[in-house]
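**Q** Below is the structure I would like to discuss, written out as structure tokens.
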Amino acid sequence: MAKPFWKEKSLEEMSPAEWESLCDGCGKCCLSKLEDEDTGEIYFTSIGCRLFDAESCRCKDYENRLATVSDCVRLTPENVRTITWLPSTCAYRLVAEGRHLFPWHHLVSGDRKAVHRAGVSVRGRVTASEEDIAEVEDYFDHMLDGEP
């Protein structure tokens, strides 16, 4: 039996469809983050991007997100190796580090909803949309302890 593509290919060798299929749909990367200016430490909040659908854990306008949201980050094989805020469960990060995908990942389990049942996604944990937050100081009210 052939090895799965994510074990056979480097991130750079993947087709666009293979690359996109790595996303587990957890929604963690779509949460607003705060950075401590002194230490560089990143803190997640429970505030979703204005394009984030908190129920499906998907972007409402994925194709146009980069034009619509100025600080949206397009993941690439190059930057997944340097972005420090990617969750420890992120398939892009795991593959880049030569690690295995988790059993709940849809490419392993065959079930896109497994990420939610495993409690890994942010479904049910988003408390606001960035559209709802008026002042930067209000983000601190939604700061999480650790990774979501």
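Computed from the coordinates by the stated procedures, all read-outs in this text should not be read as laboratory data. Everything quoted here is computed from the prediction, not taken from an experiment. With ideal geometry, Cβ positions are generated from the backbone for all residues, glycine too; neighbour counts draw on all protein chains shown.
**Q** Cβ contacts < 7 Å: first residue farther than 16 Å from residue 138 by Cα and free of Cβ contacts under 8 Å to residues at least 60 places away in the same chain, restricted to the range 35-64; second residue surrounded by 14 or more Cβ atoms within 10 Å (Cβ to Cβ) and among the basic types (Lys, Arg), any location; separation 6+ or different chain. Result?
**A** Sorted first by the residue in the range 35-64, then by its partner, the pairs are 42/33; 51/65; 59/65.
**Q** So which of 10, 32 is in contact (Cβ under 8 Å) with a residue 40 or more places away in the chain, touching a helix residue (DSSP H, G or I) at 6+ places or on another chain (Cβ under 7 Å) and either under 23 Å from residue 121 (Cβ atoms) or of a type outside the set (Asp, Glu) (or both)?
**A** Numbers: 10 fails: touching a helix residue (DSSP H, G or I) at 6+ places or on another chain (Cβ under 7 Å).
Result of the check over 10, 32: 32.
**Q** Of the residues 123, 93, only one is within 15 Å of the chain's Cα centre (by Cα) and closer than 20 Å to residue 9 by Cβ; which?
**A** Numbers: 123 fails: closer than 20 Å to residue 9 by Cβ.
On inspection, the qualifying residue turns out to be 93.
**Q** Further, regarding this structure: Return only the number of the condition from (1) under 25 Å from residue 3 (Cα atoms); (2) touching a helix residue (DSSP H, G or I) at 6+ places or on another chain (Cβ under 8 Å) that residue 76 does not satisfy.
**A** Tallying (1) under 25 Å from residue 3 (Cα atoms); (2) touching a helix residue (DSSP H, G or I) at 6+ places or on another chain (Cβ under 8 Å), residue 76 fails exactly one: (2).
**Q** Suppose we keep only residues that are assigned to a loop (DSSP other than H, G, I, E, B) and under 14 Å from the mean Cα position of the chain (by Cα) within the range 72-85. Which one would you say is farthest from residue 36 (Cα to Cα)? Walk me through how you get there before you give the answer.
**A** Taking the range 72-85 and keeping what is assigned to a loop (DSSP other than H, G, I, E, B), we get 72-78, 82-85.
Filter once more, keeping what is under 14 Å from the mean Cα position of the chain (by Cα): 72-76, 83-85.
Details: 72: 19, 73: 19, 74: 22, 75: 22, 76: 25, 83: 16, 84: 13, 85: 13 Å.
Within the range 72-85, the match that is farthest from residue 36 (Cα to Cα) is 76.
**Q** Oh, and also: Could you check the range 3-54 and list, in sequence order, the residues that are surrounded by fewer than 19 Cβ atoms within 10 Å (Cβ to Cβ), outside any loop (DSSP other than H, G, I, E, B) and of a type in the set (Lys, Arg)?
**A** Hits for the range 3-54 are 7, 33.
**Q** Further question on the same structure: Can you tell me which residues in the range 62-71 are of a type in the set (A, V, I, L, M, F, W, C) and either under 14 Å from the mean Cα position of the chain (by Cα) or farther than 16 Å from residue 48 by Cβ (or both)?
**A** So the first thing to find is which residues in the range 62-71 are of a type in the set (A, V, I, L, M, F, W, C), and the list is 66-67, 69.
Result: 66, 67.
**Q** Residues being assigned to a loop (DSSP other than H, G, I, E, B), out of contact with any strand residue (DSSP E or B) (no Cβ under 7 Å at 6 or more places or on another chain) and among the hydrophobic types (A, V, I, L, M, F, W, C): count how many of those fall in the range 125-148. Steps first, please.
**A** Filtering the range 125-148 for residues assigned to a loop (DSSP other than H, G, I, E, B) gives 125-127, 133-135, 144-148.
Filter once more, so that each one left must be out of contact with any strand residue (DSSP E or B) (no Cβ under 7 Å at 6 or more places or on another chain): 134-135, 145-146.
Now narrow it down to the ones that are among the hydrophobic types (A, V, I, L, M, F, W, C): 134.
Within the range 125-148, residues that are assigned to a loop (DSSP other than H, G, I, E, B), out of contact with any strand residue (DSSP E or B) (no Cβ under 7 Å at 6 or more places or on another chain) and among the hydrophobic types (A, V, I, L, M, F, W, C) number 1.
**Q** So, one more: Of all residues in the range 86-124, how many are of a type in the set (Lys, Arg), assigned to a loop (DSSP other than H, G, I, E, B) and surrounded by 16 or more Cβ atoms within 10 Å (Cβ to Cβ)? It would help to see each step written out before you state the result.
**A** Residues of the range 86-124 that are of a type in the set (Lys, Arg), as a first pass: 93, 99, 112-113, 117, 123.
This time we only want the ones that are assigned to a loop (DSSP other than H, G, I, E, B), so: 99, 112-113, 123.
If we keep only those that are surrounded by 16 or more Cβ atoms within 10 Å (Cβ to Cβ) as well, we get 123.
Total meeting the criteria: 1.
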